[in-house]
1. Could you give the nm distance between label points at residue 384 and residue 183, where each point is 7 Å from its Cα heading toward the beta carbon?
2. Say each of residue 365 and residue 94 gets a label point 7 Å from the Cα, pointing the same way as Cα to Cβ; how far apart are those two points in nm?
3. With a cut-off of 8 Å between alpha carbons and a minimum separation of six or more residues, what is the relative contact order of the chain in percent?
4. Relative contact order for segment 204-328: what percent, with Cα pairs under 8 Å and sequence separation of 6 or more?
5. Using only the Cα atoms of segment 1-146, what are the Rg and Dmax in Å?
6. In percent, what relative contact order does segment 121-266 have, based on Cα pairs under 8 Å that are 6 or more apart in sequence?
7. Counting only complete DSSP H runs, which helices of the chain cover 15 Å or more along their long axis at the Cα atoms and score a mean Kyte-Doolittle of 0.0 or above?
8. How large is the convex hull of the Cα atoms of segment 300-390 per residue, expressed in Å³ as a whole number?
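The values are calculated or read from the model by the stated rules, or taken from the named source; none is laboratory data. Note that this is a predicted model, so its numbers are computed, not measured. Here the Cβ positions follow ideal geometry from the backbone for every residue, glycine too, while neighbour counts run over all protein chains shown. Just the protein is used for accessible areas: all its heavy atoms, side chains included, with ligands, DNA and RNA removed. Shrake-Rupley method; radii C 1.70, N 1.55, O 1.52, S 1.80 Å.
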Amino acid sequence: MLDPRVVVVGGGVNGLSIARAMSERGLKRVIVLERDTLASGGSGKSSGIVRCHYGVSLLAALAWRSLPLFEELADEAGFHQVGYLLAVGAGNELSLRANVQMQQELGIDVEEITVDHACRMWPYIRTDDLCAAAFEPRGGHADASLLTQHFSRRARAAGAQIRQQAAVRRVLTVGDRVVGVEMSSGERIDADIVVIAAGWWTAELVVELEIDIPLKAFRVGMMVMQTGCESGRLPVLSDLASLQYARPEGDGRIVIGNSDHSDPLYVDPDDYRDRMTERELDRAAGKITHRFTGFPDASVSHTYAGCYDITPDWNPVIDQVGIHGLFVATGFSGHGFKISPAVGDLMADLVLEGGSRDPSVVASDFRLSRFAEGNLLRSTHPYVGAGEMR
Ligand SMILES: Cc1cc2nc3c(=O)[nH]c(=O)nc-3n(C[C@H](O)[C@H](O)[C@H](O)COP(=O)(O)OP(=O)(O)OC[C@H]3O[C@@H](n4cnc5c(N)ncnc54)[C@H](O)[C@@H]3O)c2cc1C
């Protein structure tokens, strides 16, 4: 097909990265349909942490391939290259070493450091229950809304159309081939290729086609604290002993997220309370007071909540799914921001070349059929207590 018409459903960071990649690779008839405004789904809530520390090598590789764009954009993506520090407690030292080695073999700039060294980087934490640490000097945090806008500008410059307040009701097919989408307004848009990158909502758009994507909306509570300390140059901290992470802001505030997923709460992503519950607050307070013993003047600034679109193995689905011309990129399970530049390129490869151009990116690892096969994608060296996130 010389100049296929492409519809991308979903105006989050991944939908826009996909539209950007396909438009820049020469497709002239790409249209993005977003039911609300750009980055109004999971992207707008993202903590924006940029790191390559994963035990699933494909995730680590996609994060590593994405990193140069953050470095190139710097302020344009709100990227603060403060580094990424990971600390683990007893029982997880060997996993940390094995993961660092796997990442170094991929070329990732990461090294094991001593707990004393970690403590010098983050002087406000207690360390008596920490046993090992690793540091990525090129990690940090960025802004998912800014990156979404960046992709949107590039997609438009390469000829794509982006429509907001444009909800898709269903995917249209004839036989085993996709032919377009029908909007909630009743309008029909013809297409040869439809890529659904609609986060959790992807599953409901394909269920009518008898395609089952096992997605759940997993609630995560977030807290912003005022610490009374100079937080701007602190690295992002992933504390896998207490199962929490800290993203320092420049003004004494830090954003604290929960990495303990042993007691999941699944919600309706269109209807959930956008503040921490009393229970979430109690748990967070216990972990924060345990770890962050050195803040001179700590108080809670505010709380909020978001949803991860999780799959059974906490890894995404990036695949053509049953119908000719129908692709999905979903189920990013809390990792989808940092890998979004590479996700766009991978989807463009799948659509245009039928497979990944990069031999080290084994796209079939993210196939949908792995769930039905019972062949879940797992970390080779999972962390006790935080296996889902790594
Ligand atoms: C609290 C929180 C913290 C996170 N922190 C990090 C982090 O530190 N680092 C990291 O890498 N990742 C993080 N993530 C995960 C990351 O933010 C997401 O994986 C990523 O933003 C998902 O982007 P997306 O484009 O796939 O989906 P989304 O951003 O959810 O976009 C999907 C879009 O589809 C639209 N849509 C839905 N249905 C339709 C329809 N029928 N028609 C048209 N449009 C539709 C929605 O309105 C939405 O805008 C975090 C997520 C949360 C919630």
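1. In this crude spin-label approximation the distance works out to 5.5 nm.
2. Taking the simple label geometry, residue 365 and residue 94 are separated by 2.2 nm.
3. Across the chain, relative contact order equals 24 percent.
4. 36 percent
5. 18.8, 63
6. Contact order relative to length: 16 percent.
7. Span-like helices, by this rule, are 13-24, 57-73, 340-353.
8. Residue-normalised Cα hull volume stands at 138 Å³.
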